[in-house]
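Bear in mind that the values in this text are calculations on the coordinates, not laboratory data. From a predicted model like this one, the values you see are computed outputs, not experimental measurements. Cβ placement follows ideal geometry from the backbone for every residue including glycine, while neighbour counts extend to all protein chains displayed.
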Protein chains: 2
Amino acid sequence: MNTNLYDYAYELEKAMRSSDEFKHLQEMYKSVTNDSEASQMFDEFRNVQMQLQQKQMQGYDITEDEVMRAQEIANRAQENEKVTMLMEAEQRMSMTITELNKIIMKPLDDLYGSMA
Amino acid sequence: MNTNLYDYAYELEKAMRSSDEFKHLQEMYKSVTNDSEASQMFDEFRNVQMQLQQKQMQGYDITEDEVMRAQEIANRAQENEKVTMLMEAEQRMSMTITELNKIIMKPLDDLYGSMA
Ligand SMILES: [Ca+2]
Ligand SMILES: [Ca+2]
């Protein structure tokens, strides 16, 4: 075990928790959860997204009706400003995580790339 | 942008590169790539795994013949000690990465968990 390696991960975790992106995401979540209309829309949106993703991962086809229903729910959710701001905050957090992962996984990319 | 956050990621990347798990993985890779028999078996094994994964992700069914062929290739590859040691090194690296990710993603788990 590399105690050291985990120490660096814990440092990054602390930095993550106090980052602007994360604090903004927390606030946007709070603003949605404290508003029953917004939170209902957001839950509905998230549930339908998850259902479609699961079907896709299990190799099932997604029907045109399902796509249309998901689109309707997404459109409705996006009419709520609190929900829209939460989605944007999630998007930003997700982009940051992608960047962090690229940095951390660079050693493996280098190694595998050198084999190709 | 949180320069700070990325600084911590770069620190973790350096720690990753100098970790026992990564250095061991590098050595095992070298031992396979320097041995044409081992590297051929390993490439064949990796290719068949990737093909099946891609089919699965695209929602195609995997035939019994394909499973049997993949199993044969895996069995043959595992008879080579260098290949086996590389697979074990990859497994260990992968477990370490899973642990690191759990640590780093804890703030998000906490946030999403608190909503459920
Ligand atoms: Ca709620
Ligand atoms: Ca080779």
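Descriptive notes on the structure:
- Number of the exception - residue A:39 against (1) buried (at least 19 other Cβ atoms within 10 Å of the Cβ); (2) of a type in the set (Gly, Ala, Ser); (3) more than 9 Å from chain B (Cβ to nearest Cβ): (3)
- Answer residue from region A:11-33, given it is within 15 Å of ligand 1 (Cβ to nearest atom) and touching a Lys or Arg at 6+ places or on another chain (Cβ under 9 Å) and is farthest from residue B:61 (Cα to Cα) among those: A:31
- Output for region A:7-36, where each listed residue is among the hydroxyl-bearing types (Ser, Thr, Tyr) and within 7 Å of chain B (Cβ to nearest Cβ): A:8, A:10, A:19, A:29, A:33
- Of the candidates B:60, B:112, the single residue that is more than 16 Å from ligand 1 (Cβ to nearest atom) and within 13 Å of chain A (Cβ to nearest Cβ) is B:60.
- Hey, residue B:82 out of contact with any strand residue (DSSP E or B) (no Cβ under 6 Å at 6 or more places or on another chain) and away from chain A (no Cβ under 12 Å) or not: yes
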